Amino acid sequence: MPTKIERKSLSAMVAQHLQERIESGAYPIGQQLPSEHEMTREFGVGRSSVREAIRKLENSGLVRVQQGLGTFVLSDKPTQAPLSELLQIGDEEEIREVRELLEIRIAERAALHRTADHVRSLNASWQRRNAAVNAGEPAGWIEADIDFFMAIADASGNKVLANLYRAVAQQDLRKSIEKRHSKAPSLVKLTTLHAQLLESIVNRQPGKAVEVTWKLNRS
């Protein structure tokens, strides 16, 4: 039987590099990490990957993020198992069910709490997704699709909920998209529902956002 090689996301690789530096003492406790801009240049990744990497470190208790100031090293050893590891005990169906429940809640909250910045982020992900669909680039639209839901999680205004969703989505979202929406007819339906979800969040319609999210998960 061939050996299965785990494919790590860009954010996971960035998080691993940063964690190694923290554990080695290159970034001592109390030190501020480089800015997002500096890390995007160093690692050659986008800001979304850097932000996701920081969230992973924050979830592990290695750093703390101070709004307006930066990210600071809190500990040189993880204080808890990452949520992604804790979720390994669940089977595929259990994780999917949790993800869908979380998506309904974050969509509802996003419609209530979104800001102008959140709307810009959602629109950017939406435009990237449509461009990739039109160009026939499956990898591109899957990444943009994931970014779209992550942007909704941010717009929920609840950090704990957003981080929990990210951990669950890492286990299930990409797999679900690839499995259920790889064909053109499915993409057309999915795009229509995405448009409705975006509109409901922009127009602050929480009931509509919940309804559309439920349809997305049943499509």
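The values are calculated or read from the model by the stated rules, or taken from the named source; none is laboratory data. Just so it is clear, the structure is predicted and the values come from calculations on it, not from any experiment. Heads up, the Cβs are rebuilt from the backbone with ideal geometry, glycines too, and the neighbour counts pull from every protein chain shown.
With respect to the conditions (1) at pLDDT 90 or above; (2) surrounded by fewer than 18 Cβ atoms within 10 Å (Cβ to Cβ); (3) touching a Gly at 6+ places or on another chain (Cβ under 9 Å), Ala131 falls short on a single one, namely (1). Considering the conditions (1) closer than 20 Å to Leu101 by Cβ; (2) modelled with pLDDT of 90 or more, Glu199 is excluded by exactly one of them, (1).
Take the residues in region 111-128 that are more than 15 Å from Thr191 (Cβ to Cβ) and of a type in the set (A, V, I, L, M, F, W, C); name whichever of them is surrounded by the most Cβ atoms within 10 Å (Cβ to Cβ). By that ranking, first place goes to Ala111.
State whether one or more residues within region 70-84 are assigned to a helix (DSSP H, G or I) and either at pLDDT below 90 or within 14 Å of the chain's Cα centre (by Cα) (or both). Checking region 70-84: at least one residue is assigned to a helix (DSSP H, G or I) and either at pLDDT below 90 or within 14 Å of the chain's Cα centre (by Cα) (or both). Scanning region 33-67 for residues that are polar (S, T, N, Q), touching a strand residue (DSSP E or B) at 6+ places or on another chain (Cβ under 9 Å) and part of a loop (DSSP other than H, G, I, E, B) turns up just one, Ser35.
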